[in-house]
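The block underneath contains the structure these notes are about, expressed in structure tokens.
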Protein chains: 2
Amino acid sequence: MLRTHTCGELTLKNKEQHVTLCGWVHKSRDLGGMTFIDLRDRYGITQLAFNMEVNKEICEQARTLGREYVLKVTGIVKERSNKNLKIPTGEIEIFVSNIEILNKSIIPPFTIEDNTDGGEELRMKYRYLDLRRNVVKQNLLLRHKVAIEIRNYLNHQSFIEIETPVLIKSTPEGARDFVVPSRMNPGEFYALPQSPQTFKQLLMIAGFDRYFQLVKCFRDEDLRADRQPEFTQIDCEMSFITQEDILNTFEGLAKHLFKIIKDIVFKEFLRISYADAMKYYGCDKPDIRFDMKFVELNEIVKNKGFKVFDDAELVIGICAKGCVEYSRKQLDELTEFVKKPQIGATGLVYLRYNTDGSIKSSVDKFYNQAELDKWIEQFKALPGDLILVLAGNKEKTQKALSELRLEMANRLGFRDPKVFAPLWVVDFPLLEWDEETNRFYAKHHPFTAPKPEDIPLIDKSPAEVRANAYDLVVNGVEIGGGSIRIFDKDLQNRMLHLLGFSEEDAQAQFGFLMNAFQYGAPPHGGIALGFDRLCALLGGSDSIRDYIAFPKNNAGRDVMIDSPAKISDVQLKELHITIHN
Amino acid sequence: MLRTHTCGELTLKNKEQHVTLCGWVHKSRDLGGMTFIDLRDRYGITQLAFNMEVNKEICEQARTLGREYVLKVTGIVKERSNKNLKIPTGEIEIFVSNIEILNKSIIPPFTIEDNTDGGEELRMKYRYLDLRRNVVKQNLLLRHKVAIEIRNYLNHQSFIEIETPVLIKSTPEGARDFVVPSRMNPGEFYALPQSPQTFKQLLMIAGFDRYFQLVKCFRDEDLRADRQPEFTQIDCEMSFITQEDILNTFEGLAKHLFKIIKDIVFKEFLRISYADAMKYYGCDKPDIRFDMKFVELNEIVKNKGFKVFDDAELVIGICAKGCVEYSRKQLDELTEFVKKPQIGATGLVYLRYNTDGSIKSSVDKFYNQAELDKWIEQFKALPGDLILVLAGNKEKTQKALSELRLEMANRLGFRDPKVFAPLWVVDFPLLEWDEETNRFYAKHHPFTAPKPEDIPLIDKSPAEVRANAYDLVVNGVEIGGGSIRIFDKDLQNRMLHLLGFSEEDAQAQFGFLMNAFQYGAPPHGGIALGFDRLCALLGGSDSIRDYIAFPKNNAGRDVMIDSPAKISDVQLKELHITIHN
């Protein structure tokens, strides 16, 4: 090693030791008689001290060193007079007797500081410099730690990690595949996996019992904010289990991670059905760091002459505790908020329950005191509360009120990233009707098992069939989801038929899996967790990009290496493809 | 869980317990009064017993169960009268009181046995059934265990695992890339990485100090036996180190794996230079489980009238201890062996050193007793030994004798897969001349650093420049290799120039790396180990395919899922590509 110690480990225990450190010039201060340099490596920062009186020559050398120069320095560990107790090495400094410049640096395009002056684009182009910043570096160290913990936890639970192939076959269901032309099989293509779903099911049929994999998956989507064309999943599958076993196993994993990484201990995670999630939160990934559940008013507000409510499929509201003092301006803002096109409500009704017990609502001319008392009762409101009500088409109104609920929570500071509220949403519907294509789609995927008790409904009212499918949700973010799988060939056939697959298509796409079902498939199920998202959550960030070493931008480009790029004509020829416009 | 125990854990300690097991019908024996079923899961096999007298009904049910049926059985653990001490559960059996058929199976296309009757092609098509066989299953369990051990070992050495991107950019150097057309950037392509080489160097520039990754890599080659288009590397890089540190670190890892997996303890690995490897073994990955080093005879055999030796650039031989009794027929076989086109020698000279001290050679008419005595001396041969000599062009003769050495070792049983002989081959040449294209290629890759003492040779005799490059070789197989990297922009430029890159090409291909070198690149180096190959070695197999869950065949096809395959016209259109012939 070129060094005896790292820049993060020397303390008063090492006083008077001769040491050699390597690292980057982080900061440099010339105080006339003394010069100080902060030397940085992955492990920390150590102060180097140079004294003009003691060693003029080296002090002058030190003054020539620029930011981000790479040094190897030798010296003696001394106790600092001016201690910095915020960092582990803050009680010592090195009296340097020798400097070797391992490499120089031109001036970086932005400062290597937590609060850098570099914009997003510049930092992405020079990602290797961005990664030097402590905040970014810590994200990747966290990611590594989380990965190690996940692997060891699952290993101890008898899961084995098995690598499934990356070069697989394109399937039309789901999102768009990235494809890879095969040179050896002209006109044919591999596809990159959107998930190892069928392979993990085959591993269960092969008898592996408990499988997991931290695995790169790929989706050729038009990228929205915070989506990446390649992302990492914690992919898992178990045999001879019920849904209960999967929930318990992965709740165990999640608790372990919260304990190890955040030192937070959870009791049992709340479980709510999809139906209740929609009813009380208007969304299948509710943020339950705060209550503010939906309350339905249909029964008590209709037929009182207020046309908006009379015509509405659903009248629902939330109670904002202690918000009675909201000003006219604030209420107007909320009204503007719900009327934004992406929220889609037509207006907002409010009711103030004043601290003196009086009631003031925006619909006073339609409802008398006694009627408004019923609202209060329904919401279990207390004096000082503000009730906000939306009305309209069921789905739209649920979605809009869900957004308003989050907006109110943001305003009230209820969404602290240091607070975590995990829950399971269970009993998802098996199918989803698509108006546009006039057919059912699998809500989760075509291999998800219906609840046994709902199987009789499959033919007469498919939309009502619930699945043994579940999502793990934390702070309003879906961390992962899974299901118990179909393991019977006939039921799988019926399901594919329901999804509009012809016999031939089913055979062409999933023939190998259907075939495998004939040779003793065990009952099985699994889950897939978004690893990037999980790391971001544990790190207290909204952005998965911060937790990926070399992310792509919203156009799917890696601006650092400038990819994708043109390839040579020779390559195109070998692959038997031509580019057209 | 559907079960209380697995099929691998019940022993006499569980006697008289009520248990529930799940698994597959492995074997079934009907002995008239009794029926026995071996129930199999990932963890083992447990014998189920059914007695016609005790419970006629369930015994008759048991007799209807076919091979590979999936069962859930409940019963009582009993001590066996007829014990099988070869398996952990061999002292007990289950008196079954209830059988639930979880799934049926049609008859598998081959037997689920270590010695199956299924041919390679059939087993690949039904890989999920092949994986049920104990020998194949154990391979994947070993692979998982090796991966966990590697990760924890490196983690404890402060290495952090960082995922580098899979969708990167095509580079013309090296093997052919697989490419991925970009839908969002028409006419442009991503490439799949042949290794994360440039990214791990950027991670060193970013200051991560110690990086590793178990990572899928891709190479679009015409597949030879036992090559896969996608394979897994243990990819590593370290900063502020010398070659010595890398060798010690990864020798430590290798020793750890041999200890944990094979219970073999190694002292220091042998290290030999590339030059010596070629001189003594004629190959850069010598199998040193046995000695049989090359001995050069040029000095003592020339100018005695034997034209073959006189015209030869190199006359070298090996001494096969105690093989003097090789028959004429055996010697003819060896001659045929070396004359095969892929070996390429023109003939074989032998010398028998008989146990009575007399000497008999195939070139007696050219060499007298005194001259042949010098051969004996040169080889340090003992009575009873057989000397085998080849002559000709240096490179070809080394290669041919290397093959003959391995052939003799095979015949003599010197290549026991349970014996392991690791070594480091160091000081590889930096460059390799290619006759066909009339230019130098990087022996390792363009980022490898020359030995500092050889830098002056770069311009006048590039072929003599040695690199700080090294391979880890075990039993004649290259397990991995690496190098100390160039970290200076000017030297890297010089190197690319030597490799025939124009300024423009260098900038277009590696501009981002060259650019990064300007911002304080630390001294660094690394290694990449073939994970599939390492697992095969530890498992005692020659074939990496046995250690990959879903391998592709020699045509790059996955015959199970039938990939690659055609994609739809819609997909082609979206990707702006057309297929031509």
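The values are calculated or read from the model by the stated rules, or taken from the named source; none is laboratory data. The shown structure was predicted, so the numbers you read here are calculated from the model rather than taken from an experiment. Don't worry about glycine lacking a Cβ; one is built from the backbone with ideal geometry, like all the others, and counts go over all protein chains shown. With ligands, DNA and RNA removed, areas are computed over all heavy atoms of the protein, side chains included. Shrake-Rupley method; radii C 1.70, N 1.55, O 1.52, S 1.80 Å.
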- Test residue B:278 against the criterion of being crowded, with 16+ Cβ neighbours inside 10 Å, part of a loop (DSSP other than H, G, I, E, B) and in contact (Cβ under 8 Å) with a residue 24 or more places away in the chain, and give yes or no. no
- Taking the stretch B:432-465 on its own, how many of its residues are closer than 21 Å to residue B:395 by Cβ and either in contact (Cβ under 8 Å) with a residue 40 or more places away in the chain or out of contact with any helix residue (DSSP H, G or I) (no Cβ under 7 Å at 6 or more places or on another chain) (or both)? 14
- Is it the case that some residue within the stretch B:112-124 is among the small types (Gly, Ala, Ser) and more than 9 Å from every other protein chain (Cβ to nearest Cβ)? yes
- Query: What are the residues in the stretch A:342-379 that are in contact with an Asp or Glu (Cβ under 7 Å, 6 or more places away or on another chain) and among the aromatic types (Phe, Trp, Tyr), if any?
  - Reply: A:353
- Note on the structure: Only unsatisfied item for residue A:64, checking (1) under 36 Å from the mean Cα position of the chain (by Cα); (2) β-branched (Val, Ile, Thr); (3) part of a loop (DSSP other than H, G, I, E, B), is (1)
- Selection from the stretch A:205-236 of residues of a type in the set (Ser, Thr, Tyr) and more than 8 Å from every other protein chain (Cβ to nearest Cβ) yields A:211
- Task: Take the residues in the stretch B:97-111 that are open to solvent by less than 70 Å² (accessible area, probe 1.4 Å), assigned to a loop (DSSP other than H, G, I, E, B) and closer than 20 Å to residue A:514 by Cα, then tell me which one is farthest from the other protein chains (Cβ to nearest Cβ).
- Result: B:110
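If the requirement is being at the interface with chain A (Cβ under 7 Å from one of its Cβ atoms), farther than 22 Å from residue A:548 by Cα and among the hydrophobic types (A, V, I, L, M, F, W, C), which of these qualifies: B:167, B:129? First the steps, then the outcome.
On the way: B:167 fails: farther than 22 Å from residue A:548 by Cα.
Among B:167, B:129, only B:129 is at the interface with chain A (Cβ under 7 Å from one of its Cβ atoms), farther than 22 Å from residue A:548 by Cα and among the hydrophobic types (A, V, I, L, M, F, W, C).
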- Output for the stretch A:126-168, where each listed residue is among the polar types (S, T, N, Q), open to solvent by 40 Å² or more (accessible area, probe 1.4 Å), more than 28 Å from residue B:202 (Cα to Cα) and out of contact with any helix residue (DSSP H, G or I) (no Cβ under 6 Å at 6 or more places or on another chain): A:157, A:158
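Determine if the stretch A:416-431 includes at least one residue that is part of a helix (DSSP H, G or I) and either away from chain B (no Cβ under 14 Å) or within 25 Å of residue B:105 (Cα to Cα) (or both). Talk me through it step by step, then tell me what you get.
From the stretch A:416-431, those part of a helix (DSSP H, G or I) are none; that's our starting set.
Checking the stretch A:416-431: not a single residue is part of a helix (DSSP H, G or I) and either away from chain B (no Cβ under 14 Å) or within 25 Å of residue B:105 (Cα to Cα) (or both).
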- Message: Name the single residue that is farthest from the other protein chains (Cβ to nearest Cβ) among those in the stretch A:174-187 being in a loop (DSSP other than H, G, I, E, B) and open to solvent by less than 40 Å² (accessible area, probe 1.4 Å).
- Response: A:175
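Considering only residues that are part of a helix (DSSP H, G or I) and open to solvent by 10 Å² or more (accessible area, probe 1.4 Å), look in the stretch A:188-229 and name the one that is nearest to residue A:145 (Cα to Cα).
Kept after step one, since they are part of a helix (DSSP H, G or I), are these residues of the stretch A:188-229: A:197-205.
If we keep only those that are open to solvent by 10 Å² or more (accessible area, probe 1.4 Å) as well, we get A:197-198.
Working: A:197: 26, A:198: 29 Å.
In this case the residue turns out to be A:197.
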- Task: Sort through A:101, A:37 and tell me the only one that's closer than 30 Å to residue B:154 by Cα and among the aliphatic types (A, V, I, L, M).
- Result: A:101
- Within the stretch B:307-317, tally of residues that are farther than 17 Å from residue B:359 by Cβ and either open to solvent by 70 Å² or more (accessible area, probe 1.4 Å) or in contact with a Leu (Cβ under 7 Å, 6 or more places away or on another chain) (or both): 6
- Task: Might you check whether a residue that is without any contact (Cβ under 8 Å) to a residue 24 or more places away in the chain and facing chain A (nearest Cβ under 10 Å) occurs anywhere in the stretch B:1-16?
- Result: yes
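Please go through the stretch B:5-19 and pick out each residue that is open to solvent by 20 Å² or more (accessible area, probe 1.4 Å) and either in a strand (DSSP E or B) or in contact with a Ser or Thr (Cβ under 9 Å, 6 or more places away or on another chain) (or both).
Taking the stretch B:5-19 and keeping what is open to solvent by 20 Å² or more (accessible area, probe 1.4 Å), we get B:5-6, B:8-9, B:11-18.
Matches in the stretch B:5-19: B:5, B:6, B:8, B:9, B:11, B:17, B:18.
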- Message: Can you tell me which condition residue B:256 does not meet? The list is (1) surrounded by fewer than 23 Cβ atoms within 10 Å (Cβ to Cβ); (2) within 24 Å of residue A:213 (Cα to Cα); (3) within 13 Å of chain A (Cβ to nearest Cβ), and all the others hold.
- Response: (3)
- Cβ pairs under 7 Å, 6+ apart, first in the stretch B:363-387 and open to solvent by 60 Å² or more (accessible area, probe 1.4 Å), second in a loop (DSSP other than H, G, I, E, B): B:366/B:304; B:366/B:305; B:366/B:306; B:378/B:297; B:383/B:354; B:383/B:355; B:383/B:357
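Could you count how many residues in the stretch B:434-454 are surrounded by 14 or more Cβ atoms within 10 Å (Cβ to Cβ) and assigned to a loop (DSSP other than H, G, I, E, B)?
Total satisfying the criteria: 7.
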- Query: Hey, does the stretch B:483-494 have a residue that's out of contact with any Asp or Glu (no Cβ under 8 Å at 6 or more places or on another chain), closer than 30 Å to residue B:290 by Cβ and open to solvent by less than 20 Å² (accessible area, probe 1.4 Å)?
  - Reply: yes
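Yes or no: the stretch B:206-221 includes at least one residue that is charged (D, E, K, R) and either without any contact (Cβ under 8 Å) to a residue 24 or more places away in the chain or more than 21 Å from residue B:174 (Cα to Cα) (or both). Break it down into steps so the answer makes sense when it comes.
In the first step, residues of the stretch B:206-221 are kept if they are charged (D, E, K, R); the result is B:209-210, B:216, B:219-221.
Pick out the ones that are also either without any contact (Cβ under 8 Å) to a residue 24 or more places away in the chain or more than 21 Å from residue B:174 (Cα to Cα) (or both) and you get B:209-210.
Yes, some residue in the stretch B:206-221 is charged (D, E, K, R) and either without any contact (Cβ under 8 Å) to a residue 24 or more places away in the chain or more than 21 Å from residue B:174 (Cα to Cα) (or both).
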- Message: Of everything in the stretch A:231-248, what is open to solvent by less than 10 Å² (accessible area, probe 1.4 Å) and either in a helix (DSSP H, G or I) or touching a Phe, Trp or Tyr at 6+ places or on another chain (Cβ under 9 Å) (or both)? Give them in sequence order.
- Response: A:232, A:234, A:235, A:236, A:237, A:238, A:239, A:246, A:247
- Does the stretch B:77-91 include one or more residues that are of a type in the set (Asp, Glu) and open to solvent by 20 Å² or more (accessible area, probe 1.4 Å)? yes
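This table checks each residue for (1) within 14 Å of another protein chain (Cβ to nearest Cβ); (2) open to solvent by less than 10 Å² (accessible area, probe 1.4 Å); (3) in contact (Cβ under 8 Å) with a residue 60 or more places away in the chain.
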site	(1), (2), (3)
B:503	no, no, no
B:524	yes, yes, yes
B:527	no, yes, yes
B:538	no, yes, yes
B:576	yes, no, yes
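Would you confirm, using the coordinates I've provided, whether residue B:552 is closer than 27 Å to residue A:192 by Cα and surrounded by fewer than 22 Cβ atoms within 10 Å (Cβ to Cβ)?
Details: closer than 27 Å to residue A:192 by Cα: yes; surrounded by fewer than 22 Cβ atoms within 10 Å (Cβ to Cβ): no.
The answer is no for residue B:552.
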- So residue B:540 fits all but one of (1) in contact with a strand residue (DSSP E or B) (Cβ under 9 Å, 6 or more places away or on another chain); (2) at pLDDT below 95; what number is the exception? (1)
